[in-house]
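> My structure is below; once you've seen it, I'll send some questions.
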Amino acid sequence: MIPIEHYIVLSAALLIIGLMIIIIKRNAIMVLVGVELILNAANINLVAFAKNDPLLTGQMMSLFVIVIAVAESAVALAIIYQVYRHQQVSNIDELDELNG
Amino acid sequence: MVDLNSILMLAILLLPLVGGLLAYMAGNRGGGVTIATVFAAVLGIAVWSFLTIPAGTNLQADWIRLGEYSFAVGLWYDQLTGIMVMVVALIALLVAVFSMEYMKHDESRARYFGLLGLFAFSMYGIVLSSNLLLTFVFWELVGFSSYLLIGFWFDQVKPPLSSFKAFVMNKVGDAGFLLGIFVLYAYFKTLNIAELLVLAEAGLDIPDAMLFMAGLGLFLAAVGKSAQFPLQTWLPDAMTGPTPVSALIHAATMVAAGVYLLVRVFPLLSPDVLQLIGVIGGVTAFTGAFAAFAQNDIKKILAYSTVSQLGYMVMAIGAGFPVAAFFHLVTHAFFKAGLFLCAGSIIHYFHETNHDHDFDAQDIRNMGGLRAVLPITFVTFTICTLSLAGIPLFSGFLSKELVIGGILSSDLPSIVSIFALVSVFMTAAYMGRLYFRVFFGTQVKSRFVENIKMKLPLMVLTALSFWAVFTLNPFGSHNGVTDSLAQIIFNPEMAHYTWLPILSVVLAVSGILVAYLYVEKGMLVKPVSASKKIWGGLSANNFYLDYFHRKIVAGGAMKGASFLFFFDKKILDRLIDLLAKAEVVFAHFVGLIDKHVVDGLVKLLAWTARFAGGRTRKLQSGNVQMYFVWALFGLLIIVYFLT
Amino acid sequence: MKQSEFIAYITTLIGEFGYLLPEMTLIAGSLFLVVLDLLYKGTAAATVRTLATLVVLAATSLAIDAAPIEGAYLNGVLAQTAVTPTLKYFFVLMTAAVLLYPNSRVQRRTGEYQYLILMVLLGTFFLIQAQNLLLFYVALELVSITSYVLIAFSFQRKGFEAGIKYLLFGAMSSGLMLYGLSLIYGLSGSLDLALIPQMVAQSSDPTWLNLALMLFFVGIFFKLALVPFHIWSPDAYEAGPTAAIALISVLPKVAILVFFYQFTQLLDTTDVELFNWQYALSILAIGSMFVGNLSALRQNNAKRMMAYSSIAHAGTLLIGVIVGTAFGYEAMLFYAVVYGVMNVGVFYFIDWMEKNELENISDLAGLGRQFPAVGVCMTVLLVSLVGLPPTGGFSAKLLVFSSLWDVYLQSSDSYLLWLFALGILNSAISLFYYLKIPYYLFLKTTNSTQRYRVGAVSVVFLACTALLVLAIFFMADLLLEMLF
Amino acid sequence: MEQINFNILAFYGFAGLAVISALMILMSKNIIHSVFMLVLVFLSVAAIYIITNAEFVGVTQIMVYIGGILILMMFGVMLTNRIDGGKMLTEHRRIIPAVLLGLGLAFVFYSTLQTKFPLAEFGPQSELDKSVTETIGINFMTHQLVALELTAVLLLMALIGAAFLAGSKFEDKK
């Protein structure tokens, strides 16, 4: 079968790319995309480890993660929308009223 | 638990607190009477306890218990406690009585008397506590009530600032105290002073460095509270509080708490710490005395004098003679409280008679000739000054002899002895300057009737400044107080120097003399010119009788007189002038050091902290993605260092 | 598993569900609030809703008493100790106190506000009981997402800005934590805390476990606002509604510390040569204290100052976890309770400032003379935050540092000594900025003729917190008895 | 054999696709392109789930992620950008720290991967021969019942919160 390390390589790659997206992109929604990639990376791990688990705990967990990710994105988009309405800005590094 | 001794101890501790509350509630009208009554009751109980409670009575209770760890609190009573309680109780009572007259026009007298009660409560707490942790608690409380009293007139400009300064300076010392407590607890698993002393006697099972740390911490606490170099600057500033408060807190009781603590824990102090204590005490005594010269505010002179005298006590501890330190503490408490109350009486007189707003009632340049105006104050001030200067027949002489004798027979650096002896001279000189400025001179006004409430405390304190209170022999260093203390505190045999009393009396007298010459220079010139006239008249009358005599004797006398006059005018005067100038310059210099070096250090520390704060804050650019970068770099660094 | 066993299993499950009575009361109550919001829109709606919320809280605290249990239940997913009910009472009290803040009128106009506050409370209830990493994750996200929404509830530009920053940072951190969690699952084969140590013990090589734990800790550090994961908190604190901030700065932190303590206790029972996590935590604690206190020195904005101060306090609280003994745990909880009380008081005052459109500490000049009672209460609270007697803050610091010293004497690891010394140094640093407030209140004078008003309720509230802080000092034993 | 080989091939194919699409998201400045690349990532991850005996999770991934989150994101993109016919672009910043961090993390994973991943030994297969979906269902209703209920509460909270935040019009105080 496929060695478990290969799953981890895949998830690690997605994790690192996700983090880099978070840092590089200016658009708030793209940052959110990076977060989703990280969550997917974790899910790949969970599912891969659960392959031999009779209780399938990992798969359960990944389902919860997916649902919570939805909730998080919904709240995030609501706030991003309000920020845009108030400041006409969708790049989060232009938000600098709070500093110091 | 419920035996009489415990009740007495608890009564001493708690009555002032209750009294303070009652006084506050009694309002401006009845506050003074209430607190005075309570203090009188406490004094009665204190004397009773001193006569009946056996030494070593203690009272224990658990405060925090956590599994096997417990922090206990408790009270402890022995001779040392007893004497200290009586001193505090007596002075507190006198000050309360004095305040009833002094504060009679103040709008918030009730708060004032309430705070006096709070202060007395915390002070008795320090004195009675059997446990360093509880001592620390009351230590903070006493500081707290002192800040409230310094800043009593908080709607003026200066008092809040000086109370804040006192707060910060004291906190530095308190940090040291905490450090000491922690170290002691870590090694001995107890904070009970009596147990600690037993353990210390049985041989200390503690590394030298840690013992040094503990001693240093405890000493640092005393440095803060007892205004030692380099934290002494708060005490002169604290004079912005009401004068009776200065007499009670900043002369007799609270500032002495540091010395009291050191006397209590003396066996825990290692030789290294003692050396340091001695040197710091010497520096404090010397700089305090010098700084007193440049002052014109009567209370500031007394404050610097207090700093200097506290330096003496600390020196005595450093020399290894806690009994001497404690004895000086007691005598000093009486005569310095007397001096402060005299100052209060003088200020009160000016406040009552002079309603000019620009008039500074504390500036000695505005004073003079008060001898005739305030006779009782004059007598009191004279006796207390003589006691402070260390003139025989007064209590200050006894204790100062003991302290200086201790310093000379210890192995402290010789510079400390020199500081001690020079300070004797300077003490007499600056007190003389103050004395002659205020009470002599020409500005004679009509007599002012001193109120009985002011007279009485002054007279009591005067009476306590005589030698006979402590011992019958005016030159003997052994007396009732020291003997009874020697049984419970470490008291090594002191070398006896026959020349010492003579030297110190000579120093003190010459100090007063110099002051006399300096201040009353005008009076010195007149008798000389008068005598010249007399001599001239004599010579005129006897011209035909004895030309030879006239030629030789009178001429010689004239020559001698003119030489004397010349000497007096040109050399002695110049010398004194120079000396005075040098003193003023030096005093200013010390002031400068105080202001720029000590304050500067504090400022530098604050600046460094701010600078570093600014750097750490710079991370906060407001850019959330850079936050990610920093956070992740942090994570990488942790990973790198740990795996 | 046989059919009959399965049925028996389900029966016990249903039977044990009764132990969740407090939580269920909270859920039902919060739903009731939402419905109430829809039905009743009278003039006094805000007051009515606040009262209703207080009723819900009262019912919850009654339920805490009604469903007592010690030990694990519901298949070991949840567990209670003797401390759990007390902590729940503490959380409920904090929530009730926060609802009484004067300036939350804007927020209270909407029923959602009270609902969200209750959700934070619910999340913390589960956090302190969770024995399963999945449940822990869900509860943590419940608290986090609710916090994101609450921060945005100040309805200002700044509020939304802070909300999105907080959310993105939090999402990234919880993503990393989740990745670590997944690795832990792979290594141990279970998400139940009880099963993790024995599973981990099967392998002797700690490399992967180290990485997993490190990533897992990231999420926890983020929630505790420890350096270097602290940067969200000043922004969030400045812009969020003060009442919500007062809640978020205490409840989730305490709850997570309770969980974190249990988790680290498990690590100690394994034989695997893990990385020295006490050492790492010590560095973070020292870093947090320094960064928090030094940054707070220059703040003029009261809320930002409190944000940095809370970073420093989190560092101090972490000492309890580093110590890892029962004594340390008790000291930490004691500290947490004291910190909560102080925080509620100080934020109440800041809320009052905001209501009067005072933002900066320097604007407070001379106010202490106008309102001596408020000034004195504030001084007591701030002195307690510094950790000086005679306040509860002192007892708390005393306990925490005593526990640390105790462990140092046993293990004599030098980093513990550093932690001890620098921790005490930091208390001294904090003196400077906390005392800035009384300094301005009493010592500075102002020419401004602006008059402010302090209601009797505010004075009573502040006096209660100040008295509590004093009482904790004088009757520390009582609190300890209540806690344990 | 044939079957397994196909599975393995499919795994590497989808894994490669996922990584390449993710990299495209990273590189592309066009927001719309990025979002579509995200669809590809999600789809290939879903395929990998299915290959790894997790059909239920795979289907959920497709339904929730692609059906829910992606649509939400597209809405978000449309709402928060001026749509004027031109390309929707986003700039790249902080490239150097990002690359440094990426390399650092890659190195951490690389060095950790030198040791074999000690996968836990799971217990024996369950006696009751249930399908994957059945096992998940039973687990939901038994072991993870509390978490399930809590998630329901969480979803309700997010719904109320998000609807309230996005729907209401707040006067701008400043």
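> With the condition kept exactly as written, say whether any residue in region A:41-64 is β-branched (Val, Ile, Thr) and out of contact with any Ser or Thr (no Cβ under 8 Å at 6 or more places or on another chain).
As a first pass, look at region A:41-64 and keep what is β-branched (Val, Ile, Thr): A:44, A:47, A:57.
If we keep only those that are out of contact with any Ser or Thr (no Cβ under 8 Å at 6 or more places or on another chain) as well, we get none.
Checking region A:41-64: not a single residue is β-branched (Val, Ile, Thr) and out of contact with any Ser or Thr (no Cβ under 8 Å at 6 or more places or on another chain).
> Go through region B:357-409 and give me each residue that's more than 30 Å from B:Gln156 (Cα to Cα), open to solvent by 10 Å² or more (accessible area, probe 1.4 Å) and not β-branched (Val, Ile, Thr).
Within region B:357-409, B:Arg371, B:Ala372, B:Pro375, B:Phe378, B:Leu386, B:Pro392, B:Leu393, B:Phe394, B:Glu401, B:Leu402, B:Leu408, B:Ser409 qualify.
> If you check A:Val47, A:Val31, A:Val35, A:Val75, which single one turns out to be under 23 Å from D:Gly68 (Cβ atoms), among the aliphatic types (A, V, I, L, M) and touching a Lys or Arg at 6+ places or on another chain (Cβ under 8 Å)?
Values: A:Val47 fails: touching a Lys or Arg at 6+ places or on another chain (Cβ under 8 Å); A:Val35 fails: touching a Lys or Arg at 6+ places or on another chain (Cβ under 8 Å); A:Val75 fails: touching a Lys or Arg at 6+ places or on another chain (Cβ under 8 Å).
Result: A:Val31 is the single residue among A:Val47, A:Val31, A:Val35, A:Val75 that is under 23 Å from D:Gly68 (Cβ atoms), among the aliphatic types (A, V, I, L, M) and touching a Lys or Arg at 6+ places or on another chain (Cβ under 8 Å).
> Follow-up question, since we're still on this one. I need every pair where a residue in region B:29-57 that is surrounded by fewer than 16 Cβ atoms within 10 Å (Cβ to Cβ) has its Cβ under 7 Å from the Cβ of a residue that is charged (D, E, K, R), sequence separation at least 6 or different chains.
What qualifies is B:Ala55/B:Asp78; B:Gly56/B:Asp78.
> Among the helices (runs of 4 or more DSSP H) lying completely within region D:1-101, list those that include at least 2 residues that are open to solvent by 30 Å² or more (accessible area, probe 1.4 Å) and touching a residue at least 12 places away in the same chain (Cβ under 8 Å). Don't jump to the end; show me each part of the working.
Values: elements: D:2-27, D:31-51, D:55-60, D:70-79.
The helices (runs of 4 or more DSSP H) meeting that bar are D:2-27, D:31-51, D:55-60.
> Please go through region C:374-402 and give me each residue that is more than 10 Å from chain B (Cβ to nearest Cβ), surrounded by fewer than 24 Cβ atoms within 10 Å (Cβ to Cβ) and small (Gly, Ala, Ser), ordered by number.
Listed by number, the list holds a single entry, C:Gly375.
> Ok, one more. Of B:Val168, B:Val198, which residue is closer than 12 Å to B:Leu268 by Cα, among the hydrophobic types (A, V, I, L, M, F, W, C), in a helix (DSSP H, G or I) and in the same structural domain as B:Pro267 (by TED's automatic domain parsing)? Give the derivation first.
Details: B:Val168 fails: closer than 12 Å to B:Leu268 by Cα.
Residue meeting the stated conditions: B:Val198.
> Related question: From (1) closer than 15 Å to B:His250 by Cβ; (2) part of a loop (DSSP other than H, G, I, E, B), pick out the condition that doesn't hold for B:Ser146.
It is condition (2) that B:Ser146 fails.
> Mind listing whichever residues of region B:178-227 are of a type in the set (Phe, Trp, Tyr), closer than 19 Å to C:Phe420 by Cα, open to solvent by less than 30 Å² (accessible area, probe 1.4 Å) and more than 11 Å from chain C (Cβ to nearest Cβ)?
Of everything in region B:178-227, just one residue is of a type in the set (Phe, Trp, Tyr), closer than 19 Å to C:Phe420 by Cα, open to solvent by less than 30 Å² (accessible area, probe 1.4 Å) and more than 11 Å from chain C (Cβ to nearest Cβ), namely B:Phe188.
> Still on this structure: When you go through B:Phe113, B:Phe154, B:Phe136 one by one, which is the residue that is of a type outside the set (Gly, Ala, Ser), within 8 Å of chain C (Cβ to nearest Cβ) and under 30 Å from C:Thr446 (Cα atoms)? Full working, then the answer.
On the way: B:Phe113 fails: within 8 Å of chain C (Cβ to nearest Cβ); B:Phe136 fails: under 30 Å from C:Thr446 (Cα atoms).
The unique qualifying residue is B:Phe154.
> Kindly indicate the residue of region C:66-125 that is within 19 Å of C:Leu247 (Cα to Cα) and small (Gly, Ala, Ser) and also nearest to the chain's Cα centre (by Cα) among those meeting that condition.
Taking the candidates together, the pick is C:Gly123.
> Report the residue count in region A:69-91 for those that are modelled with pLDDT of 90 or more and more than 7 Å from chain D (Cβ to nearest Cβ).
Number satisfying all stated conditions: 2.
> Follow-up question, since we're still on this one. I'd like to know if region B:31-48 contains one or more residues that are in contact with a Ser or Thr (Cβ under 8 Å, 6 or more places away or on another chain), in a helix (DSSP H, G or I) and not polar (S, T, N, Q).
Step one: filter region B:31-48 for residues in contact with a Ser or Thr (Cβ under 8 Å, 6 or more places away or on another chain), giving B:32.
Filter once more, so that each one left must be in a helix (DSSP H, G or I): B:32.
Within this subset, residues satisfying the condition of being not polar (S, T, N, Q) are B:32.
Yes - at least one qualifying residue is present in region B:31-48.
> Looking at C:Met289, C:Met305 in this structure, which one is more than 28 Å from C:Ala212 (Cβ to Cβ), open to solvent by less than 10 Å² (accessible area, probe 1.4 Å) and assigned to a helix (DSSP H, G or I)?
C:Met305
> Now a separate question. Within region B:332-354, is even one residue assigned to a loop (DSSP other than H, G, I, E, B), at pLDDT below 80 and crowded, with 18+ Cβ neighbours inside 10 Å?
At the first step, the residues of region B:332-354 found to be assigned to a loop (DSSP other than H, G, I, E, B) are B:354.
Within this subset, residues satisfying the condition of being at pLDDT below 80 are B:354.
When the remaining residues are screened for being crowded, with 18+ Cβ neighbours inside 10 Å, the result is none.
Checking region B:332-354: not a single residue is assigned to a loop (DSSP other than H, G, I, E, B), at pLDDT below 80 and crowded, with 18+ Cβ neighbours inside 10 Å.
> Same structure, new question: Hey, among A:Pro54, A:Pro3, which residue is at the interface with another protein chain (Cβ under 7 Å from one of its Cβ atoms), modelled with pLDDT under 90 and either under 24 Å from D:Gln61 (Cβ atoms) or open to solvent by 10 Å² or more (accessible area, probe 1.4 Å) (or both)? Give the derivation first.
On the way: A:Pro3 fails: at the interface with another protein chain (Cβ under 7 Å from one of its Cβ atoms).
Within the list A:Pro54, A:Pro3, the selection yields A:Pro54.
> Kindly indicate the residue of region C:418-435 that is open to solvent by 40 Å² or more (accessible area, probe 1.4 Å) and within 11 Å of another protein chain (Cβ to nearest Cβ) and also farthest from C:Val321 (Cα to Cα) among those meeting that condition.
If we take residues in region C:418-435 being open to solvent by 40 Å² or more (accessible area, probe 1.4 Å) and within 11 Å of another protein chain (Cβ to nearest Cβ), then C:Phe432 is farthest from C:Val321 (Cα to Cα).
> Does A:Ala42 meet the test of being crowded, with 24+ Cβ neighbours inside 10 Å and more than 13 Å from chain B (Cβ to nearest Cβ)?
Yes: the conditions hold for A:Ala42.
> Another question, if that's okay. Among the residues of region C:348-385, what is the count of those that are under 19 Å from C:Cys464 (Cα atoms) and part of a helix (DSSP H, G or I)?
Narrowing region C:348-385 to residues under 19 Å from C:Cys464 (Cα atoms): C:348-353, C:368, C:371-385.
After this cut, where a residue has to be part of a helix (DSSP H, G or I) as well, the list is C:348-353, C:368, C:372-385.
Qualifying residue count for the region: 21.
> Here's a follow-up. Given (1) more than 13 Å from chain B (Cβ to nearest Cβ); (2) within 20 Å of the chain's Cα centre (by Cα); (3) of a type in the set (S, T, N, Q), identify the lone condition not met by C:Asn360.
Just one mismatch for C:Asn360, condition (2).
> Suppose we filter B:Ser305, B:Ser246 for residues that are open to solvent by less than 10 Å² (accessible area, probe 1.4 Å) and modelled with pLDDT under 85; which single one remains? Spell out how you get there, then give the answer.
Details: B:Ser305 fails: modelled with pLDDT under 85.
Answer to the check: B:Ser246.
So that you can scan it fast, the table gives a plain yes or no per residue for (1) open to solvent by less than 20 Å² (accessible area, probe 1.4 Å); (2) within 29 Å of C:Tyr329 (Cα to Cα); (3) more than 10 Å from chain D (Cβ to nearest Cβ):
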{"site": "C:Gln80", "(1), (2), (3)": "yes, yes, yes"}
{"site": "C:Val92", "(1), (2), (3)": "yes, yes, yes"}
{"site": "C:Gly111", "(1), (2), (3)": "yes, no, no"}
{"site": "C:Leu142", "(1), (2), (3)": "yes, yes, no"}
{"site": "C:Ile145", "(1), (2), (3)": "yes, yes, no"}
{"site": "C:Ala162", "(1), (2), (3)": "yes, no, yes"}
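Okay, residues lined up against (1) touching a residue at least 40 places away in the same chain (Cβ under 8 Å); (2) open to solvent by less than 10 Å² (accessible area, probe 1.4 Å); (3) over 30 Å from B:Gln79 (Cβ atoms); (4) not assigned by TED's automatic domain parsing to the domain that holds B:Phe335:
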{"position": "B:Val95", "(1), (2), (3), (4)": "yes, yes, no, yes"}
{"position": "B:Tyr102", "(1), (2), (3), (4)": "yes, no, yes, yes"}
{"position": "B:Phe113", "(1), (2), (3), (4)": "yes, yes, yes, yes"}
{"position": "B:Ala120", "(1), (2), (3), (4)": "yes, yes, no, yes"}
{"position": "B:Tyr147", "(1), (2), (3), (4)": "no, no, yes, no"}
{"position": "B:Trp153", "(1), (2), (3), (4)": "yes, no, yes, no"}
{"position": "B:Pro160", "(1), (2), (3), (4)": "no, yes, yes, no"}
{"position": "B:Phe164", "(1), (2), (3), (4)": "no, no, yes, no"}
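> Quick check: anything in region A:58-78 surrounded by fewer than 24 Cβ atoms within 10 Å (Cβ to Cβ) and in a loop (DSSP other than H, G, I, E, B)?
Within region A:58-78, not a single residue is surrounded by fewer than 24 Cβ atoms within 10 Å (Cβ to Cβ) and in a loop (DSSP other than H, G, I, E, B).
> Considering only region C:1-15, state which residues are more than 10 Å from every other protein chain (Cβ to nearest Cβ) and either basic (Lys, Arg) or open to solvent by less than 70 Å² (accessible area, probe 1.4 Å) (or both).
C:Ala8, C:Gly15
The values are calculated or read from the model by the stated rules, or taken from the named source; none is laboratory data. All figures in this text were calculated on a predicted structure; none of them were measured in a lab. Note: ideal-geometry Cβ built from the backbone for every residue, glycine included; neighbour counts use all protein chains shown. For the accessible areas, the whole protein counts, side chains as well, though only heavy atoms, and no ligand, DNA or RNA atoms are used. Shrake-Rupley method; radii C 1.70, N 1.55, O 1.52, S 1.80 Å.
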